[in-house]
1. Under 10 Å from the mean Cα position of the chain (by Cα), under 17 Å from B:F90 (Cβ atoms) and either modelled with pLDDT under 95 or within 14 Å of chain B (Cβ to nearest Cβ) (or both): which single residue out of A:L91, A:L43, A:L39 fits that description?
2. Determine if the range B:85-94 includes at least one residue that is of a type in the set (D, E, K, R) and open to solvent by 50 Å² or more (accessible area, probe 1.4 Å).
3. Taking the range B:32-84, which residues are open to solvent by 70 Å² or more (accessible area, probe 1.4 Å) and assigned to a helix (DSSP H, G or I)?
4. Looking only at the range B:14-31, filter to residues that are open to solvent by 40 Å² or more (accessible area, probe 1.4 Å) and at pLDDT below 90; which one of those is nearest to the other protein chains (Cβ to nearest Cβ)?
5. Sort out which residues of the range B:85-112 are within 13 Å of chain A (Cβ to nearest Cβ), touching a strand residue (DSSP E or B) at 6+ places or on another chain (Cβ under 8 Å) and not in a strand (DSSP E or B), and write them in order of number.
6. Among the strands (runs of 3 or more DSSP E) confined wholly to the range A:42-99, which include 1 or more residues that are in contact (Cβ under 8 Å) with a residue 40 or more places away in the chain, touching a His at 6+ places or on another chain (Cβ under 9 Å) and under 23 Å from B:G43 (Cα atoms)?
7. For B:V13, indicate whether it is part of a strand (DSSP E or B) and closer than 28 Å to A:V4 by Cβ.
8. So which of A:T13, A:T70 is open to solvent by less than 30 Å² (accessible area, probe 1.4 Å) and away from chain B (no Cβ under 13 Å)?
Amino acid sequence: GAGVSQSPSNKVTEKGKDVELRCDPISGHTALYWYRQSLGQGLEFLIYFQGNSAPDKSGLPSDRFSAERTGGSVSTLTIQRTQQEDSAVYLCASSLGLAGGGSPAYEQYFGPGTRLTVT
Amino acid sequence: AQSVAQPEDQVNVAEGNPLTVKCTYSVSGNPYLFWYVQYPNRGLQFLLKYITGDNLVKGSYGFEAEFNKSQTSFHLKKPSALVSDSALYFCAVRARGYKLSFGAGTTVTVRA
């Protein structure tokens, strides 16, 4: 079956421009997550969605970062006025649901990532 | 706060020898522990998880991991390594909330 897909796979942009990164989760997965992977910071959690709502936005690095999810499926991560320190690989993951109470801890399935380079 | 430590940046082993990748964690409450592998220019692939029950967890590609509560460790093991196991391995923990906290990663190189 189809896994998590992300587009574009690579994006080069000039400092100060806005970028949009897209994630298509596995069909039927209600939870969706964004992470950032960079040399200096390792893997950082950015934000997660349960359905279309994002209860925890604490991982977003600044107010230049925002994310939305529509129809409980596709998600878009937007970075406004990009800076060079935004250069990283942005990973999206999805899972069947969010663990809680007696529910099992669902593993997250990751997409291939979008490599963002800000020049 | 939850955190994961992978004390070794690199592990080098000969093909056919046992492979161990170390992971220790710090978390309040019962941990959910995961191992992921990342091949060059690819996303993370799930290997295995510990939720509860048996301390020895078996996963994909012949990997297993042992949960040790007293030592707060969750080391990844493979009895006989293959060259194709060469990759970047991440340990992750989730306690309260839904985000995963990852270790810094361990690069495994298996030489023929």
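1. None of the other options fit; the residue is A:L91.
2. no
3. Hits for the range B:32-84 are B:Y61, B:S84.
4. The extreme case among them is B:N30.
5. Passing the criteria: B:A95, B:G97, B:Y98, B:K99, B:L100, B:G103, B:A104, B:G105.
6. The qualifying strands (runs of 3 or more DSSP E) are A:88-95.
7. Against the criterion (part of a strand (DSSP E or B) and closer than 28 Å to A:V4 by Cβ), B:V13 does not qualify.
8. Only one candidate passes the filter, namely A:T13.
The values are calculated or read from the model by the stated rules, or taken from the named source; none is laboratory data. What you are looking at is a predicted structure, and each value in this text was computed from that prediction instead of being measured. Every residue, glycine among them, receives a Cβ derived from its backbone with ideal geometry; neighbour counts consider all protein chains shown. The accessibility values were calculated without ligands, DNA or RNA, using every heavy atom of the protein model including side chains. Shrake-Rupley method; radii C 1.70, N 1.55, O 1.52, S 1.80 Å.
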